[in-house]
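A.B. asks: Quick one: this structure, given as structure tokens, is what I'll be asking you about.
Values in this text are rule-based calculations from the coordinates and carry no lab data. These numbers come from a predicted model, not from an experiment. Here the Cβ positions follow ideal geometry from the backbone for every residue, glycine too, while neighbour counts run over all protein chains shown.
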Amino acid sequence: MSTQVIEILSAEEIRRTLTRIASQIVEKSGDLSNLVLLGVRTRGVPLAEELASHIHALEQIKVPVGALDITFYRDDLHQMGMRTPGKTELPFDLTGKNVTIVDDVIYKGRTVRAALNAVNDYGRPKVIRLAVLVDRGHRELPIHPDFTGKKLPTAAEEKVKVYVRDVDDRDAVELIKVVDRNPE
């Protein structure tokens, strides 16, 4: 068995995709003075910051960005083993805000469920929406993004890897397939 790596989005395609998502967030949000973006650690945070930058370029409004660590809200923590939690950074109260949670990939929906539980500890938002760069399907929970960069049907054994410059020194989305070199 070996793996095959296929580039799904280049750095330029990610930039254009984030511009489109930012436009959709602006359109759906109405009053932007109440909008906050919450990036799910790790790669959701720089994506949220990039979306805020695009919104600023479009509307000349600075949208607050927070970082949400969902480690201790996960329902599968016992399966994942020990993890070093990140830090939740919310320099604002979420009560009454229009919150958009930002993540890199949505798969089974469990990360988003954990993020929703975490948000409840920081206030009661007026509305919560979800923006993801890649939706790879296979949901186990009735959670679906409001804003999607790329829908990418995948097989369960495939992986989607998102790289962001602030974390990985490059921007790209790759599909990693397991290839059977000896089919019977």
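A.B. asks: What lysines does LYS161 reach when the alpha-carbon gap must be under 26 Å and sequence neighbours fewer than 8 apart in one chain are set aside?
C.D. replies: LYS87, LYS108, LYS150, LYS151, LYS177
A.B. asks: I've got another one for you. Could you state the angle between the C-alpha long axis of helix 11-29 and the longest principal axis of the C-alpha atoms of the chain, as a value from 0 to 90 degrees rounded to the nearest 10?
C.D. replies: Once rounded, the angle reads 40 degrees.
A.B. asks: In the Gaussian network model of the chain, springs joining C-alpha atoms below 10 Å, which of GLU174, GLU50, GLU157 carries the largest mean-square fluctuation?
C.D. replies: Greatest mean-square fluctuation among the candidates belongs to GLU157.
A.B. asks: While we're on this one: Is region 1-75 rounded, prolate or oblate when judged by the Cα gyration tensor, a ≥ b ≥ c being the square roots of its eigenvalues, rounded requiring a/c under 1.5 and prolate requiring a/b larger than b/c?
C.D. replies: Working: a/c = 2.80, a/b = 1.36, b/c = 2.06.
Note, shape of region 1-75 comes out oblate.
A.B. asks: When the gyration tensor of region 10-153 is built from Cα positions, what are the square roots of 5 times its three eigenvalues, in whole Å, from largest to smallest?
C.D. replies: They are 23, 19, 13 Å, listed from largest to smallest.
A.B. asks: Within 14 Å, Cβ to Cβ, of GLY66, how many net charges do the neighbouring residues add up to if Lys/Arg are +1 and Asp/Glu are -1?
C.D. replies: Local net charge: -2.
A.B. asks: Angle check, please: helix 110-120 long axis (alpha carbons) against the longest principal axis of the chain (alpha carbons), in degrees 0 to 90, nearest 10.
C.D. replies: Between the helix axis and the principal axis of the chain, the angle is about 20 degrees.
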